[in-house]
Amino acid sequence: MNPLLLWFHRTGSPPNFDRFAARWTPWCFGIALILLIPGLWGALFEVPTDYKQGDSFRILYVHVPAA
């Protein structure tokens with residue numbers, strides 16, 4: 001059997017997936033925080049204002065991905 005398919009098959013087992021998820025959750029959370037900070041800064045402070053809506057348009061860069 002293909003090693004990649006075998007890995008997917010083993011990871012699909014609930015006990016194996018729980019171990020896999022427990023190992024990678026802190027790393028993924030840390031990477032998400034590192035990427036979230038510059039993303040919020042850019043969306044709220046670096047994006048130019050809209051010519052009709054002004055500063056209130058910037059909240060769409062936060063609201064739409066969160067929805």
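A few comments on the model shown:
- Extreme residue, positive dipole direction of the chain, given options Pro38, Phe17, Pro65 (C-beta unit charges): Phe17
- Trp27 versus Thr49: modelled label distance in nm, points set 7 Å from Cα along the beta carbon direction: 4.5
- All distinct Cα pairs of the chain go into the 1/r average, and the inverse of that average, the Kirkwood radius, is 15.3 Å.
- Using a probe of 1.4 angstrom and keeping all protein chains present, the accessible surface of the chain works out to 89 square angstrom per residue.
- Between Ser56 and Phe20, the simple label model (points 7 Å from Cα in the Cβ direction) yields a spacing of 4.7 nm.
- Each stretch of four or more DSSP H residues adds -39500 (n - 2.57); spread over every residue of the chain, this sum gives -21500 deg cm²/dmol at 222 nm.
- Of the solvent-accessible surface of the chain, computed with a 1.4 Å probe over protein heavy atoms with every protein chain present, carbon and sulfur atoms account for 72 percent.
The values are calculated or read from the model by the stated rules, or taken from the named source; none is laboratory data. None of these values were measured; they are calculated from a predicted model. Using ideal geometry, Cβ is built from the backbone for each residue, glycine included, and neighbour counts are taken over all protein chains shown. These area figures cover heavy atoms from the full protein model, side chains too; ligands, DNA and RNA do not enter into them. Shrake-Rupley method; radii C 1.70, N 1.55, O 1.52, S 1.80 Å.
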